[in-house]
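First up is the structure itself, then whatever we jot down about it.
The values are calculated or read from the model by the stated rules, or taken from the named source; none is laboratory data. Here the structure is a predicted model, which means the values were calculated and not measured. Glycine also receives a Cβ, built like all others from the backbone with ideal geometry; neighbour counts cover every protein chain displayed. Keep in mind that these areas ignore ligands, DNA and RNA; they rest on the heavy atoms of the full protein, side chains included. Shrake-Rupley method; radii C 1.70, N 1.55, O 1.52, S 1.80 Å.
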Amino acid sequence: MMTYQLLHLEDNPNDAELVRACLDASAIQCNVVLAMNQRDYLQAINEKPPDLVISDFRLRGFDGIQAFQLLQERNPNVPFILLSGALGESRAVECLRIGMTDFILKHHLERLAPLVERALREVQERRERITAQAALVERHQEIEDLNKRLQGAIWESQHRIKNNLQILNGLVDAMRADKVPGSPQSLERLASHIRGLATLHDVFTYQTNTPGASLDRLSARLALERLIPAMASILAPRTLTLDAEDVELTVKQVTSLSLVVNELVSNAIKHGEGAIAISLKQDNVSLVLDVCNDGLGFPPSFDLQKSANTGLELIESIGTFDLGGTLSYENTATGARVRLRFPCAL
């Protein structure tokens, strides 16, 4: 059961004892603080607002109406019960008119406990209403935020689907220019990019359903982690490892990064041997993507311009123009490495 805090303003110790005895004899669970002057009263209502105030009408240099007005300035929701030895009818009406909860004549203290119980019950009901209203407002805000989030997700999905369809259309147009149109390699490249884009949409959907997650930025590591299983059918029996820092990029950057990684892995599978390793590290204001594979590496006569094909052209286009980066093709002690360095923010 809740214990209430009551403040009693009374400068007569005997009357204060009578009020305390009356409250102690009731079922009210309360702590009563006694203030015997204006200074103590102001200190009490300033430090910790009480649940209810009981005040004598006449005090030395102070009265109950002034006490009520001081309480109203600080906390107008606290009930205020006035005690008086003899209160005229006109004064009693005035006290109720200005907002006091009630008044009691001191020779009718048997009315005090029921009146305090009623006032405290109203205090508790008011608190419960305020709590319920606050919860309702919070719930409405959550629903409003969710609606905004869903609307943003729908718009972003439509926007990304349109862009990705344009990319696929470009891939199809590029394959038409291949020497062997409709070749298995061309079809595999198209299927590979479809898998990559589907993975990206999976990441976007996951982030949309995560409370508090941004809708305009995605985790690059999460996108790459989900891209690897999508390549499983073309990887076997070779292995692919990923070492990526958890960096958030714009949706456009993650889309472009996924396409570049997808194409680089496809080329590594086609031209390399053994294990393939993907690394994404942050270097000051830049990100460095490395895709390495075991094997013989690039031939001594390798020239990007002369060796250009659909895959390399796509890598150069996305890496240079979409990501604003620079690409390098190098041989390592165990194979080949393609490195893409691009800025974190466009």
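Based on Cα coordinates alone, diagonalise the gyration tensor for the range 83-146, multiply each eigenvalue by 5, take square roots, and list the semi-axes in whole Å, largest first.
Taking √(5λ) for each Cα gyration eigenvalue gives 40, 14, 5 Å.
On a straight-distance basis, which aspartates and glutamates could pair with LYS252 in a cross-link, Cα separation under 14 angstrom, same-chain partners fewer than 8 positions away excluded?
Hits, sequence-local ones excluded: GLU156, ASP216, ASP322.
Provide the per-residue ³J(HN,Hα) series for the range 280-288, in order, calculated from phi with Karplus coefficients 6.51, -1.76, 1.60 and θ = phi - 60°, each as a whole number of Hz, with x at glycine and proline positions.
Each residue of the range 280-288 in turn: 10, 10, 9, 10, 6, 9, 10, 10, 10 Hz.
Could the peptides 247-254, 132-139 be put in order, highest first, of the mean number of other beta-carbon atoms found within 10 Å of their residues?
Most protected by this proxy first, the peptides run 247-254, 132-139.
Show the residues, 5+ positions off or on another chain, whose built amide H is closer than 5 Å to the amide H of CYS30.
HN-HN under 5 Å from CYS30: TYR4.
Calculate one ³J(HN,Hα) per residue across the range 116-129 by plugging θ = phi - 60° into the Karplus curve 6.51 cos²θ - 1.76 cosθ + 1.60, and present them in order as whole Hz with x for glycine and proline.
Running phi through 6.51 cos²θ - 1.76 cosθ + 1.60 with θ = phi - 60° gives 5, 4, 5, 5, 5, 4, 5, 4, 5, 5, 5, 4, 5, 5 Hz.
Taking amide H positions as placed in the peptide plane 1.01 Å from N, state which residues far from GLY325 in sequence (5 or more) or on other chains have amide H under 5 Å from it.
THR320
With every protein chain present, what is the per residue accessible area of the range 1-159 (1.4 Å probe, Å²)?
Roughly 60 Å² per residue, with all protein chains present.
Compute and list, largest first, the equivalent-ellipsoid semi-axes of the range 17-57 from the alpha carbon gyration tensor, each √(5λ) rounded to a whole angstrom.
20, 13, 7
Calculate the tail of P(r) for the range 14-93: the fraction of all Cα-Cα distances greater than 22 Å, expressed in %.
The answer is 25 percent, as a whole percent.
List the residues, sorted by chain then number, that are 5 or more residues from LEU287 or on another chain and whose placed amide H is less than 5 Å from its amide H.
Correct list: PHE342, CYS344.
Probe radius 1.4 Å, ligands and nucleic acids ignored: give me the carbon and sulfur share of the accessible area of the range 1-126 as a rounded percent.
48
At each listed q (0.10, 0.19, 0.20 Å⁻¹), what is the log10 of I(q)/I(0) that the Debye formula gives for the range 222-346 modelled as equal alpha-carbon point scatterers?
-0.28, -1.09, -1.21
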